[in-house]
Amino acid sequence: MNQITNTILMIRPISFRANEQTAVNNYYQKVVDDLTPETIQFKALQEFDTYVEKLKGIGVEVIVINDTKEVDTPDSIFLNNWISFHENGDIGLYPMFAENRRLERREDVLETLEKLGFIIENVIDYTSAEEEKLFLEGTGSLILDRVNKKAYCVLSPRADEDLFIEFCEEFEYTPVPFVSYQTVNDKRLPIYHTNVVMCLGEKFSVICLDSIDDKKERKNVIKHLKEDGKEIIKITEEQVNCFAGNMLQVLGKDNKRYIVMSNSAYESLTKQQVSQLKKHGELLYSSLNTIEACGGGSARCMMAEVFLPKTS
């Protein structure tokens, strides 16, 4: 069982913009009034293409699928919220909070992977939970320790606890639920996705422990990370606002480890944090300013890790 992969699936945006339906509980989205929709899409596409080239440059296999204009999907770039891929050939399909994000799910994405030789055994589909207004947004909500079979999940309007437990039973993970908060206009409000406050690599975890207001929950998260030998790299709430929690460890050429993040995340790190991270891989960063401002998501949100087996 592997924690990290060399294969990443990404969706190239065609009509990227700030999604009004997600802004209600994604407090990282900003209103960018001075840019036209065309400019936002142009800048986002530039950022996307540069990011993909950087990933390919270190030897990551990046499968890029173009978004379609047939439906209005401003957040299609964040595909890790609707799909996950597993080493046994299973795929998870997830219920999405925003109605226009449900249109992102595409059968042809699975067909493309099968044409490339990936084996899909089962599709485990949770999307009917949308009818009951219950949500669990893929590896935005779920931080998976694939080796130790643990799933960390920030409970929020986008991550229902019962659905999370159901996922853990189905995929045989031990659930580690908690609630993370951020300060918005002097109020403590729930953070919408786990991957904003937490990243899990082979031997480390980047996490904002200060966001876990409940001491018992915080202790429990630390206990699980420590018992699995993870070095805990603490980040602040201010760094979370710069998307420092939204990293991903990947495999490059010759099995070299890399830790991928945005420019803003990298620039927010202290020298000590950089040296802690460098023990676990070379740091790769790219400017995602437009995508972060309008979309409220960053580097990790754009990558769906492909762990599926492949025909030889």
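The values are calculated or read from the model by the stated rules, or taken from the named source; none is laboratory data. All values reported here derive from a predicted model rather than from experimental measurement. When we count neighbours, we look across all protein chains shown, and the Cβ atoms used for this are built from the backbone with ideal geometry, even at glycine.
Scan the range 258-280 and give yes if some residue there is surrounded by fewer than 21 Cβ atoms within 10 Å (Cβ to Cβ), of a type in the set (Lys, Arg) and within 29 Å of residue 86 (Cα to Cα), otherwise no.
Yes - at least one qualifying residue is present in the range 258-280.
May I ask you to list the residues in the range 127-150 that are in contact with a strand residue (DSSP E or B) (Cβ under 9 Å, 6 or more places away or on another chain), over 19 Å from residue 9 (Cβ atoms) and either assigned to a loop (DSSP other than H, G, I, E, B) or without any contact (Cβ under 8 Å) to a residue 24 or more places away in the chain (or both)?
Residues satisfying the conditions are 135, 148, 149.
Out of all the residues in the range 31-39, is one or more surrounded by fewer than 19 Cβ atoms within 10 Å (Cβ to Cβ), modelled with pLDDT of 95 or more and hydroxyl-bearing (Ser, Thr, Tyr)?
Going through the range 31-39, the residues surrounded by fewer than 19 Cβ atoms within 10 Å (Cβ to Cβ) turn out to be 31-39.
Going one step further and asking which of them are modelled with pLDDT of 95 or more, we end up with none.
Checked the range 31-39: no residue is surrounded by fewer than 19 Cβ atoms within 10 Å (Cβ to Cβ), modelled with pLDDT of 95 or more and hydroxyl-bearing (Ser, Thr, Tyr).
Please go through (1) in contact (Cβ under 8 Å) with a residue 12 or more places away in the chain; (2) farther than 20 Å from residue 136 by Cα for residue 194 and return the number of the only condition it doesn't satisfy.
The one condition residue 194 does not meet is (2).
Kindly establish whether residue 233 is at pLDDT 95 or above, surrounded by fewer than 22 Cβ atoms within 10 Å (Cβ to Cβ) and in contact with a Ser or Thr (Cβ under 8 Å, 6 or more places away or on another chain). Before you say what the answer is, go through the steps one by one.
Values: at pLDDT 95 or above: yes; surrounded by fewer than 22 Cβ atoms within 10 Å (Cβ to Cβ): yes; in contact with a Ser or Thr (Cβ under 8 Å, 6 or more places away or on another chain): yes.
Yes; evaluated as a whole, the condition is true for this residue.
Going by what's in this entry, would residue 134 be described as modelled with pLDDT of 95 or more, farther than 24 Å from residue 63 by Cβ and touching an Asp or Glu at 6+ places or on another chain (Cβ under 7 Å)? Explain how you work it out, then say what you get.
Details: modelled with pLDDT of 95 or more: yes; farther than 24 Å from residue 63 by Cβ: yes; touching an Asp or Glu at 6+ places or on another chain (Cβ under 7 Å): yes.
Answer is yes for this residue.
Counting just the residues of the range 50-69 that are charged (D, E, K, R) and in a helix (DSSP H, G or I), which one comes out surrounded by the most Cβ atoms within 10 Å (Cβ to Cβ)?
Initially, the range 50-69 is screened for residues charged (D, E, K, R), giving 53-54, 56, 61, 67, 69.
If we keep only those that are in a helix (DSSP H, G or I) too, we end up with 53-54, 56.
Numbers: 53: 11, 54: 16, 56: 14.
Residue satisfying both the conditions and the ranking: 54.
For the range 88-121: of the residues being at pLDDT 95 or above and in contact with a Pro (Cβ under 7 Å, 6 or more places away or on another chain), which is surrounded by the most Cβ atoms within 10 Å (Cβ to Cβ)?
Filtering first and then ranking leaves 89.
Does residue 124 meet the test of being surrounded by fewer than 17 Cβ atoms within 10 Å (Cβ to Cβ), of a type outside the set (Asp, Glu) and not in a loop (DSSP other than H, G, I, E, B)? Spell out how you get there, then give the answer.
On the way: surrounded by fewer than 17 Cβ atoms within 10 Å (Cβ to Cβ): yes; of a type outside the set (Asp, Glu): yes; not in a loop (DSSP other than H, G, I, E, B): yes.
The answer is yes for residue 124.
Quick one: which residue in 219, 223 is farther than 12 Å from residue 178 by Cα, part of a helix (DSSP H, G or I) and among the basic types (Lys, Arg)? Let's see the steps before the verdict.
On the way: 219 fails: farther than 12 Å from residue 178 by Cα.
None of the others qualify; the one that does is 223.
Of everything in the range 132-164, what is in contact with a Phe, Trp or Tyr (Cβ under 6 Å, 6 or more places away or on another chain), over 15 Å from residue 199 (Cα atoms) and of a type in the set (A, V, I, L, M, F, W, C)? Give them in sequence order.
Hits for the range 132-164 are 135, 136.
Looking at (1) touching a residue at least 12 places away in the same chain (Cβ under 8 Å); (2) closer than 20 Å to residue 192 by Cα; (3) not small (Gly, Ala, Ser), which is the one condition that is false for residue 215?
Here residue 215 meets the rest and fails (1).
Looking only at the range 70-103, filter to residues that are without any contact (Cβ under 8 Å) to a residue 60 or more places away in the chain and part of a helix (DSSP H, G or I); which one of those is farthest from residue 146 (Cα to Cα)?
Only one residue tops the list, namely 103.
Within the range 236-251, can you find the residues that are assigned to a loop (DSSP other than H, G, I, E, B) and more than 17 Å from the chain's Cα centre (by Cα)?
Keep residues of the range 236-251 that are assigned to a loop (DSSP other than H, G, I, E, B), which gives 236, 242-247.
Once the filter is applied, which keeps residues that are assigned to a loop (DSSP other than H, G, I, E, B) and more than 17 Å from the chain's Cα centre (by Cα), the range 236-251 yields only 236.
Would you mind listing the helices (runs of 4 or more DSSP H) fully within the range 256-312 where at least 1 residues are at pLDDT 95 or above and among the hydrophobic types (A, V, I, L, M, F, W, C)? Walk me through how you get there before you give the answer.
Values: elements: 263-268, 271-278, 289-295.
The helices (runs of 4 or more DSSP H) meeting that bar are 263-268, 271-278.
Tell me which of these residue 153 doesn't satisfy, since it passes every other one: (1) under 30 Å from residue 281 (Cα atoms); (2) part of a loop (DSSP other than H, G, I, E, B).
The one condition residue 153 does not meet is (2).
Which of the residues belonging to the range 225-256 are basic (Lys, Arg) and farther than 25 Å from residue 174 by Cβ? Walk me through it before giving the result.
The initial filter retains those residues of the range 225-256 that are basic (Lys, Arg), namely 226, 230, 234, 253, 256.
Correct list: 253, 256.
Please find, within the range 172-184, the residue that is nearest to residue 197 (Cα to Cα) out of those that are crowded, with 16+ Cβ neighbours inside 10 Å and either of a type in the set (A, V, I, L, M) or out of contact with any strand residue (DSSP E or B) (no Cβ under 7 Å at 6 or more places or on another chain) (or both).
Top of the filtered list is 179.
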